[in-house]
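Below is one structure; the comments refer to it alone.
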Amino acid sequence: MNKLLFSTIEVTRQAFFRSPLSFAIVNLKPIVPGHVLVIPTRPVPRFTDLNESELASLMTSVQRVGRVIERAYGADALTIACQDGKAAGQSVPHVHFHILPRKASGDRFSDNNDAVYPELEKAGGALATDFAQQGAETGLGFQPLRVDADDSRPPRTPDEMEREANWLKGFFQET
């Protein structure tokens, strides 16, 4: 199995879906349960840098992963977002789509649906800070990201992310 990189971070253990040109990973610091990322295999910084085959694969993967995430997390809808470029809040210079399962009631943002967008931007900024401060690679084949102590969403461990990824893999074997 080839190693998967999200920019320069190895995320192989976080992956739960692969196609020839894209993959999906669980999130280090999810905004809501089930928050995942869909990423092209080739590290390109901007959406317009994708070739036609990569774009088709990425969009098909966003759709397929979205269907599974909605079902797996009992969601009523999805928020799908791509921050394309630093000025748009992109924190890691590798195109990626956020997929967040959403519920009509009981969702962290159900009282104000638009509140999810500033949270995505904050999450991106925190990830950029963490990314810039990352430590040396561990023996786990994963480069952990450091976080500020005051962050309300602590990072999950590689083992926690791997467990969720393995659980989600089962949904793709059913389809």
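The values are calculated or read from the model by the stated rules, or taken from the named source; none is laboratory data. Quick caveat: nothing in here was measured; it's all calculated off a predicted structure. Neighbour counts run over all protein chains shown; Cβ positions are idealised from the backbone, glycine included.
Tell me yes or no: at least one residue of segment 42-52 is within 21 Å of Pro155 (Cα to Cα) and either modelled with pLDDT under 95 or not basic (Lys, Arg) (or both). Break it down stepwise before answering.
First, the residues of segment 42-52 that are within 21 Å of Pro155 (Cα to Cα): none.
Taking every residue of segment 42-52 in turn, none turns out to be within 21 Å of Pro155 (Cα to Cα) and either modelled with pLDDT under 95 or not basic (Lys, Arg) (or both).
Looking only at segment 1-40, filter to residues that are outside any strand (DSSP E or B) and in contact with a helix residue (DSSP H, G or I) (Cβ under 6 Å, 6 or more places away or on another chain); which one of those is nearest to Lys103 (Cα to Cα)? Break it down into steps so the answer makes sense when it comes.
Quick first cut of segment 1-40, residues outside any strand (DSSP E or B) only: 1-4, 7-8, 11-14, 19-21, 27-35.
Those left that are additionally in contact with a helix residue (DSSP H, G or I) (Cβ under 6 Å, 6 or more places away or on another chain): 3-4, 13-14, 19, 21, 31, 34.
Values: Lys3: 34, Leu4: 31, Arg13: 28, Gln14: 24, Ser19: 28, Leu21: 30, Ile31: 13, Gly34: 12 Å.
Here the answer is Gly34.
Could you grab me the full set of residues in segment 28-50 that are without any contact (Cβ under 8 Å) to a residue 40 or more places away in the chain and more than 14 Å from Leu4 (Cα to Cα)? Lay out the reasoning, then the answer.
Here is the first cut: in segment 28-50, the residues without any contact (Cβ under 8 Å) to a residue 40 or more places away in the chain are 41-42, 48.
Thr48 - this is the single residue of segment 28-50 that is without any contact (Cβ under 8 Å) to a residue 40 or more places away in the chain and more than 14 Å from Leu4 (Cα to Cα).
Would it be correct to say that Gly66 is outside any loop (DSSP other than H, G, I, E, B) and under 14 Å from the mean Cα position of the chain (by Cα)? Before you say what the answer is, go through the steps one by one.
Working: outside any loop (DSSP other than H, G, I, E, B): yes; under 14 Å from the mean Cα position of the chain (by Cα): yes.
Against the criterion (outside any loop (DSSP other than H, G, I, E, B) and under 14 Å from the mean Cα position of the chain (by Cα)), Gly66 qualifies.
Scan (1) of a type outside the set (Gly, Ala, Ser); (2) buried (at least 19 other Cβ atoms within 10 Å of the Cβ); (3) closer than 23 Å to Arg163 by Cα for the single condition Asn2 breaks and write down its number.
Of everything listed in (1) of a type outside the set (Gly, Ala, Ser); (2) buried (at least 19 other Cβ atoms within 10 Å of the Cβ); (3) closer than 23 Å to Arg163 by Cα, Asn2 misses just condition (2).
Condition check: outside any strand (DSSP E or B) and at pLDDT below 90. Does Ala75 satisfy that? Walk me through it before giving the result.
On the way: outside any strand (DSSP E or B): yes; at pLDDT below 90: no.
In short, no.
In the list Thr79, Thr60, which residue meets the criterion of being surrounded by fewer than 18 Cβ atoms within 10 Å (Cβ to Cβ) and touching a strand residue (DSSP E or B) at 6+ places or on another chain (Cβ under 9 Å)? It would help to see each step written out before you state the result.
On the way: Thr79 fails: surrounded by fewer than 18 Cβ atoms within 10 Å (Cβ to Cβ).
Just a single option satisfies the conditions, and that option is Thr60.
Report yes if some residue within segment 120-131 is in a helix (DSSP H, G or I), within 22 Å of Ser61 (Cα to Cα) and at pLDDT below 65; otherwise report no.
Within segment 120-131, the subset in a helix (DSSP H, G or I) is 120-131.
Right, trim to within 22 Å of Ser61 (Cα to Cα) and you get 120, 124.
This time we only want the ones that are at pLDDT below 65, so: 124.
Within segment 120-131, one or more residues are in a helix (DSSP H, G or I), within 22 Å of Ser61 (Cα to Cα) and at pLDDT below 65.
Starting from segment 82-107, keep only residues that are closer than 18 Å to Arg71 by Cα, then list their pairs with residues that are surrounded by 15 or more Cβ atoms within 10 Å (Cβ to Cβ) and hydroxyl-bearing (Ser, Thr, Tyr) whose Cβ atoms are within a distance under 6 Å, requiring at least 6 positions of separation or different chains.
Within 6 Å, the pairs are Leu100/Thr79; Pro101/Tyr73; Arg102/Thr79.
Give segment 19-40 a look and list any residue that's surrounded by fewer than 18 Cβ atoms within 10 Å (Cβ to Cβ) and farther than 17 Å from Arg163 by Cα, or say none.
Hits for segment 19-40 are Ser19, Pro20.
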